[in-house]
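The values are calculated or read from the model by the stated rules, or taken from the named source; none is laboratory data. Just so it is clear, the model here is predicted, and its values are computed rather than measured. So basically every Cβ, Gly included, is an ideal-geometry build from the backbone, and we count neighbours across all protein chains shown. To get the accessible areas, we keep the full protein, side chains included, count just its heavy atoms, and leave off ligands, DNA and RNA. Shrake-Rupley method; radii C 1.70, N 1.55, O 1.52, S 1.80 Å.
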Amino acid sequence: MKKLYLNTGGINTIFNDLETSFEGTLTSENGEYNIAIKNKWAKGTISGMSFDNEMSYMQFDLVFSDDVTFSIESFHCAPVFFAYCSQGHLKHSFGANGTVTSLKKDQSGIMSNNTTINNVLYFERNKHVRFLLIGVPTATVKVEDSTDMIAKMTSMFRNPSGNYIDVKVQNARIAEKLADFERVNDNQKGVVKKLLKKSILNSIVEIEVMQHSYNYVTMIAPIIDLASRQIDEIRRISNINVSEVLQNIGHAGRNYLPRFFKEKYHILNSTQNTLAKTA
């Protein structure tokens, strides 16, 4: 197993350390960093960018020929991280002995760590992994427009232990934004590329905050409850043996039951005729 370590700092310091740790070649253009990696134990790329200290992202697209642990020093700016896996999977723990959580393809993970414990990532050998990591600092905010969003994130994505992690199935709207992000990566250049990326990443963070807010949960819960009850009702009805019911309720029931199914469950005439013939 190969063990890597990353000391934190500004985006330039981080990518210089990554270049050394991964034995890659670092290039930079219009504020975007890219490390090309091709050695005995790893192949792929690491790219990233910082947007005026408000937000940054890093994208990993790698295959390792050995199992790898990647220990990352705790950030002084106490960022909230949003992670999205599009290929393979990776594992995370707070410290080497912490509980291990998996992030799989098409899942979203939110993580914060305001302790001195390192974040540890685990990668399996011969498994292609591709994921996007968005970091939003909460301890060093200079832009007034961001303070409300930062306050919401600080209250939502923290717990008394200082270590917070939540992994869920990826929101459909976020999946669309991630697809937009990839299209910008492939088709845009220069300042336009940077501005579009920033806009998309901001949208992703806003969606995450919205869907974790109390009002959103309050609004969506009754809809989910109604859908669940309807599904349960459909399952219950699907287990009924219609022939047995018709035999037990007599001639009048045979005439009434198809109409009942049509009125209550909106079953089409073709199904209604089938019920009548079954009788």
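Annotations for the structure displayed:
- The number of residues in region 34-70 being over 20 Å from the mean Cα position of the chain (by Cα), of a type in the set (D, E, K, R) and under 24 Å from residue 203 (Cβ atoms) comes to 2.
- Pick from region 18-33, criterion open to solvent by 60 Å² or more (accessible area, probe 1.4 Å) and assigned to a strand (DSSP E or B), ranking: farthest from residue 202 (Cα to Cα): 25
- Set 91, 105: member being out of contact with any helix residue (DSSP H, G or I) (no Cβ under 9 Å at 6 or more places or on another chain) and closer than 23 Å to residue 75 by Cβ: 91
- Unique match (being within 24 Å of residue 197 (Cβ to Cβ), in a strand (DSSP E or B) and either in contact with a Gly (Cβ under 6 Å, 6 or more places away or on another chain) or of a type in the set (Phe, Trp, Tyr) (or both)) among 121, 62, 90: 62
- Candidates 94, 81, 15, 75 - the one that is open to solvent by less than 20 Å² (accessible area, probe 1.4 Å), in contact (Cβ under 8 Å) with a residue 12 or more places away in the chain and not aliphatic (A, V, I, L, M): 15
- Among the residues of region 1-11, those identified as open to solvent by 30 Å² or more (accessible area, probe 1.4 Å), touching a strand residue (DSSP E or B) at 6+ places or on another chain (Cβ under 8 Å) and either within 28 Å of residue 189 (Cβ to Cβ) or not aromatic (Phe, Trp, Tyr) (or both) are 1, 2, 3, 10, 11.
- When we screen 112, 47, 108 for residues that are part of a strand (DSSP E or B), at pLDDT 95 or above, open to solvent by less than 20 Å² (accessible area, probe 1.4 Å) and of a type in the set (S, T, N, Q), the only hit is 47.
- Tally of residues being buried (at least 16 other Cβ atoms within 10 Å of the Cβ), without any contact (Cβ under 8 Å) to a residue 40 or more places away in the chain and of a type outside the set (A, V, I, L, M, F, W, C) across region 181-203: 1
- Whichever residue in region 129-139 is within 18 Å of the chain's Cα centre (by Cα) and open to solvent by 20 Å² or more (accessible area, probe 1.4 Å) and, among such residues, is nearest to residue 167 (Cα to Cα): 133
- Inside region 65-81, residues that are assigned to a strand (DSSP E or B) and not hydroxyl-bearing (Ser, Thr, Tyr) make up a count of 5.
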